[in-house]
Number of protein chains: 2
Amino acid sequence: MAESEPYVVHPIGVVRSSLRTPADAPNQAFECAPQARLELDAAVADGLHRIEPGDELVVLTWLHLADRGVLLTHPTGNPDIPLTGVFRTRSPDRPNPIGVHRVTVTAVEGLHLHVGALEAIDGTPIIDLKVAMRESREA
Amino acid sequence: MAESEPYVVHPIGVVRSSLRTPADAPNQAFECAPQARLELDAAVADGLHRIEPGDELVVLTWLHLADRGVLLTHPTGNPDIPLTGVFRTRSPDRPNPIGVHRVTVTAVEGLHLHVGALEAIDGTPIIDLKVAMRESREA
């Protein structure tokens, strides 16, 4: 069913992490991000069917602390890198602040998925999960 | 600046493609998807600064024809595969129907980015672009 824009995103869960503020968070998971827990809402429980430890998932988050008015930034906050359009960066500040994170499921407990390294801070809304593709060309 | 949920997504552009209907579209770009053109809105022009041919981008789309009420599906539409939660699939039908696509920029003409294989159909709203990460672990 087609809808009219603008489109409305309803969170499906929340990230639980020892990362409490953006200043705590590494720019990317491979920079020593901690393990985390994805707490999904009961309303979407069926959507988790067949997820199991070892699965690689793409987690989409709503970066709720982002500044949606930013279009130019110094990548990684380094002023020595020239101003760059946000669409050529991974900055959280952008018109639609959606985070894309690849994680490995380490345990499943009902509506809670325990996952490996994730750079999102505690309380970040989860808006989608997808299976990761096996090939390295994956987005 | 934090916002209250639900969150509102404003499209930043649109996909132009020879794929006209979902029936035309392959499930994934590597299944022979055609080249496409990303037409961005003038309001976000600054966000494209420094994007150039050869860049690898992650394109987020709003899958505007999706059924947001689906939580269980047969992956790839194959009834021989057991019913699976949509969060363990790449099905467009899901509560927040956001597509994640990796593309290579082949040419830049003002607000138009020409890109390689993309499985989204003509008219699909674009909601974000990000630089792809160089490592294969990328989401």
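Brief remarks follow.
- Across chain A, the longest piece that holds none of the trypsin sites (Lys or Arg not before Pro) lying in DSSP loops with up to 12 other C-beta atoms within 10 Å covers A:21-133.
- Carbon/sulfur fraction of accessible area - the protein assembly as shown, other protein chains in place, 1.4 Å, %: 52 percent
- For region B:1-128, size of Cβ-based charge dipole, Lys and Arg +1, Asp and Glu -1, in debye: 260 debye
- Mean separation of Cα contacts under 8 Å (6+ apart) over length of chain B, as relative contact order %: 38 percent
- Candidates B:A107, B:A43, B:A120, ranked by Gaussian network fluctuation over chain B, Cα under 10 Å, top entry: B:A43
- Relative compactness, chain A, computed as alpha-carbon Rg over 2.2 N^0.38 Å: 1.10
- Structure remark: mean-square fluctuation, Gaussian network model of chain A, C-alpha springs under 10 Å; the largest value among A:E39, A:E56, A:E109 belongs to A:E109.
- Signed unit charges on C-beta, dipole axis of region A:22-108, positive-most listed residue A:T76, A:T106, A:G54: A:T76
- Across peptide A:88-101, the mean count of Cβ atoms from other chains lying within 10 Å of each residue's own Cβ comes to 6.
- Within the listed set B:V103, B:V70, B:V14, the Gaussian network model of chain B (springs between alpha-carbon atoms below 10 Å) gives the highest mean-square fluctuation for B:V70.
- Averaged over the residues of B:120-133, the number of partner chain Cβ atoms lying within 10 Å of the residue Cβ comes to 4.
- Net dipole in debye of the protein assembly as shown [+1 Lys, Arg Cβ; -1 Asp, Glu Cβ; about Cα centre; nearest 20]: 240 debye
The values are calculated or read from the model by the stated rules, or taken from the named source; none is laboratory data. Keep in mind the model is a prediction, meaning the values are calculated, not measured. Methodologically, a virtual Cβ is constructed for each residue, glycine included, from the backbone with ideal geometry; neighbour enumeration extends over all protein chains shown. In case anyone asks, the SASA skips ligands and DNA or RNA and just uses the protein heavy atoms, side chains included. Shrake-Rupley method; radii C 1.70, N 1.55, O 1.52, S 1.80 Å.
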